[in-house]
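Asker: Can you keep this structure in mind? I'll have questions shortly.
The values are calculated or read from the model by the stated rules, or taken from the named source; none is laboratory data. Computed from a predicted model, the values in this text were never measured in an experiment. For neighbour counting, all protein chains shown are included, and Cβ atoms are generated from backbone atoms with ideal geometry for every residue, glycine included. Side chains included, ligands, DNA and RNA excluded: accessible areas come from the protein's heavy atoms. Shrake-Rupley method; radii C 1.70, N 1.55, O 1.52, S 1.80 Å.
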Amino acid sequence: MTPDLPWPGDAETVIRWVRAALQPTDAELVRGLENVRISADVSGSTLESLSVDASGVELTLLPAPDPLTAETAAPPEPEVVQRRPGVLRNLRLTADPVRVEGIAVSIDVQISDVPVEWLVYAEPTAPGQPETIHGIDLADGGAGIRGSLTASLRAQDLTPLLSSLVRPVLHGYGIRLSRLKATVTQDGADGVRIEAGAGIRWRLLAASARGSARVHVSPDGIVTLRDLTIGSRNPFVSLALRAVRRSVQEQIGKSFDLNDDLSVAGGPRLTDVRVVAGDDLTVSARLA
């Protein structure tokens, strides 16, 4: 940081801080984020712009650590010794596309007018990374935020992408994913049908299951389960599913509000939420 400039300091200080935040730890599964391109423009306590461009970056997923032996307790966060109000004027995250295990995923996120507090801790939150003595927190419940997001991939790439995401997690439990197939198709103007089948193996035991769900997504972020069926050709799995059939049926008609975590007085809400399934699977929304 330029001498005598309080956090966020200058553009180079912010860029180093973002790069430190993207550095993987032993508990994280993603490698390749160090190759994203970052630019920033700072004026006093206002971060006029922050751009993170992951276009063309190759991300690799690693096996998850054994949950029985991995450290789960996070170290306590150091004391905050300084708070400074500010604004993140414009944040842009682009990936046109980023490749996750070779699968192309396009992302465009734009967020404007974010009220923040610039934090300074008593000591770095990550040992060996002096940049982490700085932090940022959302202020005023995010009142005044505006933005939009779009994410898409080819529909035929959904199965290999999910396989890449699920395999490392199952590996941590000693479970091998032998097969997975998933499809998402349009179900009316405001809904999708999800069908999936999977097979797993744990030591000498093998099991498989299949399921189908119809999901309604409203423009104001209400997700409602319209229908749900699950089954298996494996007699032991099928018997187990029968035991939970009633609780499964009770899920039909239930709704989940994507804005629950954003619902504070004057805070932002997701609007114009859309999921479109065709040759591409696209999710889009606005933040207002």
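Asker: Debye sum, Cα scatterers, the stretch 184-288, no solvent: what log₁₀ I/I(0) at q = 0.13, 0.20, 0.22 1/Å?
Answerer: -0.63, -1.03, -1.12
Asker: Still on this structure: Nearest 20 debye, what's the magnitude of the dipole of the chain about its Cα centre given +1 on Lys and Arg Cβ and -1 on Asp and Glu Cβ? Before the final figure, lay out each step's value.
Answerer: On the way: 29 positive and 36 negative charges, 381 e Å.
With only Lys, Arg, Asp and Glu charged at Cβ, the dipole is about 1840 debye.
Asker: Could I ask something else about it? What is the packing order of peptides 37-44, 131-138, taking the mean over residues of other C-beta atoms within 10 Å and listing the highest first? Don't jump to the answer; show the numbers that get you there.
Answerer: Working: 37-44: 15.8, 131-138: 17.8.
Put in order of decreasing packing, that is 131-138, 37-44.
Asker: Amide H to amide H under 5 Å from D280: which residues, 5+ apart in sequence or cross-chain, H placed 1.01 Å off N in plane?
Answerer: A155
Asker: For all pairs of alpha-carbon atoms in the chain, what percent lies in each bin of width 10 Å, listed from the first bin to the last filled one?
Answerer: All Cα pairs considered, the percentages come to 6, 20, 28, 28, 14, 4, 0, 0.
Asker: Also, I was wondering about something else. Given the C-alpha atoms of the stretch 50-173, compute the convex hull and give its volume per residue in Å³.
Answerer: Numbers: hull volume 19.0 nm³, N = 124.
Each residue corresponds to 153 Å³ of Cα convex hull volume.
Asker: How large, in percent, is the carbon and sulfur part of the accessible surface of the stretch 135-195 at a probe radius of 1.4 Å?
Answerer: 58 percent
Asker: Let me ask something additional. Taking all pairs of distinct Cα atoms, average 1/r, flip it, and tell me the Kirkwood hydrodynamic radius of the stretch 116-255 in Å to one decimal place. Walk me through the intermediate numbers first.
Answerer: On the way: mean 1/r = 0.0518 Å⁻¹.
Hydrodynamic radius (Kirkwood, Cα pairs) of the stretch 116-255 is 19.3 Å.
Asker: So what is the accessible area of the stretch 186-288 per residue, in Å², with the probe set to 1.4 Å?
Answerer: That works out to 64 Å² per residue.
Asker: If you wrap the stretch 86-127's Cα atoms in a convex hull and average its projection over all directions, what's the area in nm²? Can you show the working numbers first?
Answerer: On the way: hull surface 19.8 nm².
About 4.9 nm², averaged over all directions.
Asker: With a cut-off of 8 Å between alpha carbons and a minimum separation of six or more residues, what is the relative contact order of the chain in percent?
Answerer: Numbers: 662 pairs, mean separation 39.9, N = 288.
Contact order relative to length: 14 percent.
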